[in-house]
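Enquirer: Below is one structure. I have some questions about it.
The values are calculated or read from the model by the stated rules, or taken from the named source; none is laboratory data. Not measured: the values here are computed from a predicted model. Here the Cβ positions follow ideal geometry from the backbone for every residue, glycine too, while neighbour counts run over all protein chains shown.
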Amino acid sequence: MLLGPTYVDVLRVSGAAANLRLNLGLSDDESFPVIDVLEFDIQRIYAGFVLIIRADEQLGEETLAFAKTAPPQITVCNEIYCRAALGNSFARYVLAHELGHICLSHNKEREHVLRWGTISNNLEWEADEFASEILMPTRAIEGMTMLGIASRFKVSPGFARQRVSVIKKRMKRWRASANMRLKEPFWANSHVDLALRGPQYRGLVHALEQLKKCLTPLPNKA
């Protein structure tokens, strides 16, 4: 029975998103400027990165964009690129999703193609989660209204509502899990402790701090 991602799954992805923001000098409270990042900034993090814009008919009716990681490149249809440049939240999500494949070092030998309605396997889930986290960091949206999230992070109210719903359901499930009933919080355990061992893990440390603020272990029952 599939219960959804574990906190370790989410930590890995949110750590990658936090690391990218840190490397770009962006705080969690800032809207993610995906077009500026892809056009001007990402090359200093991923040498040789290329953004390719194709006519819509060249990618076909269903393909919106795809990513390769070796060498790093994103190919996107003209409509999605133009809509993202105008601030459309879905188009910004598409580009952030493809960027996630690169930041998460997904399979270097295959193309990651995003088509209409095709978030299905684990790699696509990770890229989807990355896009949501990079556009609306978990820590930053805590306690905000839907309209506040939409305004600050330049996403639609529907996208903001979906993000908050996913986080609430996830936190509820984690709080109810056996891992939350340990005498010590889960973040003190060995499989997460690696996040504290060096600057290369600073994104993980940042994401870990976000989860610490959101999660409180349930008390042990006598």
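Enquirer: Of all the residues that make up segment 14-60, how many are hydrophobic (A, V, I, L, M, F, W, C) and either in contact (Cβ under 8 Å) with a residue 40 or more places away in the chain or assigned to a helix (DSSP H, G or I) (or both)?
Expert: 15
Enquirer: For segment 117-166, how many residues meet the condition of being in contact (Cβ under 8 Å) with a residue 40 or more places away in the chain, among the β-branched types (V, I, T) and either under 16 Å from S89 (Cβ atoms) or surrounded by fewer than 20 Cβ atoms within 10 Å (Cβ to Cβ) (or both)?
Expert: Result for segment 117-166: 2.
Enquirer: Identify the single condition in (1) in contact with a Pro (Cβ under 9 Å, 6 or more places away or on another chain); (2) closer than 11 Å to I102 by Cβ that A47 does not satisfy, given that it satisfies every other one.
Expert: With respect to (1) in contact with a Pro (Cβ under 9 Å, 6 or more places away or on another chain); (2) closer than 11 Å to I102 by Cβ, A47 is out only on (2).
Enquirer: I would also like to ask the following. Taking the condition of a type in the set (A, V, I, L, M), at pLDDT below 95, farther than 25 Å from P157 by Cα and outside any loop (DSSP other than H, G, I, E, B), does A67 pass?
Expert: Here the answer is yes, as A67 does meet what is asked.
Enquirer: In segment 53-84, what residues are among the hydrophobic types (A, V, I, L, M, F, W, C) and buried (at least 18 other Cβ atoms within 10 Å of the Cβ)?
Expert: L59, L64, A65, F66, A67, I74, V76, C77, I80, A84
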